[in-house]
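All of the numbers you see were taken from the coordinates with simple rules; none came from a lab. Computed from a predicted model, the values in this text were never measured in an experiment. Please note: Cβ atoms are built from the backbone with ideal geometry, for glycine as well, and neighbour counts cover all protein chains shown.
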Amino acid sequence: MAHCTVPEADAVLDKEFKVLDKGFVRLVDYFGDDSRIVQAARVSYGEGTKSYRQDKGLIDYLLRNDHTSPFEQVSFTFHIKMPIFVARQWVRHRTAKVNEISGRYSVMKNEFYLPAGRDIALQSEDNKQGRQNEPVSADLQEEVRSILAEEQERSYETYQKLLDKGIAREIARINLPLSLYTEWYWQMDLHNLFHFLRLRMDAHAQKEIRDYASVIFDIVKKVCPMAAESFEKHRIGGVTFSREEVAALKKMLQGEDNPLTGRAGELFLAKLK
């Protein structure tokens with residue numbers, strides 16, 4: 001089996017795609033492409049690559065029906081720079097291989113995430129872990145940015161003072177805030193990467209990690225355009241129904257009222273919007 005190369009992907013290897021104010025995503029390497037998925041799927045009955053149309057149809061079938069192992073044949077390695085609070089959400093996806101910069105070995109850079117004014121909002125009233133869609137007033141935006149910037153500057157000055165006194169880096173770093181930028185190399189196969197993207201591109205995910213996920217998906221499209229198209233069609237914005245919800249949907253299609261009541265009924269109707 002020949003090594004897979006994709007000109008569109010090779011054109012962006014090692015290119016930095018800016019995210020947030022100081023972060024980036026960089027494709028370091030990739031292994032496999034759409035053809036590798038197809039070859040892996042067909043190996044069980046010994047058939048080679050078919051036409052583009054047939055390959056696209058097969059990939060669509062595999063993704064739609066959760067035949068996941070062929071997608072594991074493709075992998076990506078990224079170099080990513082992000083705020084620590086984003087990284088701590090990111091590592092919840094434990095199927096990746098990660099190597100992060102160490103504050104025990106390296107002096108951390110004076111680089112902190114300062115949100116744009118338009119991204120500063122009040123706590124959501126119906127989402128305990130998120131913010132409202134509308135930003136706060138321009139005056140409050142500047143006040144918040146000023147408070148954050150002052151605290152970031154103060155914490156880094158303290159860090160530098162401790163280093164200047166010869167204090168160990170592993171001790172000096174402990175008061176640095178979550179807004180500090182970190183970097184890592186992150187490797188994941190396409191099946192698990194699609195799972196990451198489905199969750200982190202969702203509207204319920206924090207805006208900052210959504211920004212990174214969107215850039216990563218744009219890169220995935222260059223390596224595996226057919227698989228990415230199927231992912232968009234079947235996973236992005238898609239919903240799943242429980243057995244009770246399927247039964248309720250059948251009744252509604254027959255002209256009956258929604259039989260689900262209370263919170264279950266509200267959640268069901270929300271899926272139909």
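Applying the set (1) touching a residue at least 24 places away in the same chain (Cβ under 8 Å); (2) within 30 Å of Pro7 (Cβ to Cβ); (3) surrounded by fewer than 20 Cβ atoms within 10 Å (Cβ to Cβ) to Val144 leaves exactly one unmet item: (2).
Just to be sure I understand the filter: pairs with C-beta atoms under 7 Å, separated by 6 or more residues or on different chains, first member in the range 156-173 and at negative phi, second member surrounded by fewer than 13 Cβ atoms within 10 Å (Cβ to Cβ) and part of a loop (DSSP other than H, G, I, E, B). Which pairs pass? Here the result reads Leu163/Val107; Arg169/Arg104; Arg169/Val107; Glu170/Arg104, each pair linking the range 156-173 to a residue that is surrounded by fewer than 13 Cβ atoms within 10 Å (Cβ to Cβ) and part of a loop (DSSP other than H, G, I, E, B). Figure legend. Inter-residue proximity from the range 73-94: first residues more than 18 Å from Val223 (Cα to Cα), second residues of a type in the set (A, V, I, L, M) and not in a strand (DSSP E or B), beta-carbon distance below 6 Å, spacing 6+ or different chains. Indicated pairs: Ile84/Leu178; Phe85/Leu178; Val86/Ile209; Gln89/Ile209.
For the range 130-153, the criterion of being among the charged types (D, E, K, R) and outside any helix (DSSP H, G or I) is satisfied by at least one residue.
Among the residues of the range 79-93, are any of a type in the set (Val, Ile, Thr), closer than 30 Å to Asp60 by Cα and surrounded by 16 or more Cβ atoms within 10 Å (Cβ to Cβ)? Yes, the conditions are met somewhere in the range 79-93. Within the range 1-21, if we keep just the residues that are touching a residue at least 60 places away in the same chain (Cβ under 8 Å) and closer than 18 Å to Trp186 by Cα, the residue that is nearest to the chain's Cα centre (by Cα) turns out to be Val19.
Each row is one residue, and each column tells you yes or no for (1) in contact with a Pro (Cβ under 9 Å, 6 or more places away or on another chain); (2) over 24 Å from Asp211 (Cα atoms).
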{"position": "Arg26", "(1), (2)": "no, no"}
{"position": "Tyr61", "(1), (2)": "no, yes"}
{"position": "Val74", "(1), (2)": "no, no"}
{"position": "His79", "(1), (2)": "no, no"}
{"position": "Met82", "(1), (2)": "no, no"}
{"position": "Gly117", "(1), (2)": "yes, no"}
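For the range 201-243, the set of residues classified as under 25 Å from Ala264 (Cα atoms), surrounded by 15 or more Cβ atoms within 10 Å (Cβ to Cβ) and of a type in the set (D, E, K, R) consists of Arg235 only.
Note on the range 83-107: among residues that are of a type outside the set (Gly, Ala, Ser) and touching a helix residue (DSSP H, G or I) at 6+ places or on another chain (Cβ under 6 Å), the one that is nearest to Leu190 (Cα to Cα) is Thr95.
Got at least one residue in the range 235-245 being closer than 21 Å to Phe71 by Cβ, part of a helix (DSSP H, G or I) and not aliphatic (A, V, I, L, M)? Within the range 235-245 (the criterion being closer than 21 Å to Phe71 by Cβ, part of a helix (DSSP H, G or I) and not aliphatic (A, V, I, L, M)), the answer is no, since none of the residues qualifies. Search the range 57-72 for residues being in contact with a Phe, Trp or Tyr (Cβ under 8 Å, 6 or more places away or on another chain) and crowded, with 20+ Cβ neighbours inside 10 Å, and hand back the single one that is nearest to Leu176 (Cα to Cα). Ranking the candidates gives Phe71 first. Is there a residue in the range 160-178 that is buried (at least 18 other Cβ atoms within 10 Å of the Cβ) and either assigned to a strand (DSSP E or B) or touching a Pro at 6+ places or on another chain (Cβ under 7 Å) (or both)? No, the range 160-178 contains no residue that is buried (at least 18 other Cβ atoms within 10 Å of the Cβ) and either assigned to a strand (DSSP E or B) or touching a Pro at 6+ places or on another chain (Cβ under 7 Å) (or both). Checking Ala248, Ala205 one by one, the residue that is under 29 Å from Gln132 (Cα atoms) and in contact with a helix residue (DSSP H, G or I) (Cβ under 7 Å, 6 or more places away or on another chain) is Ala205 and no other.
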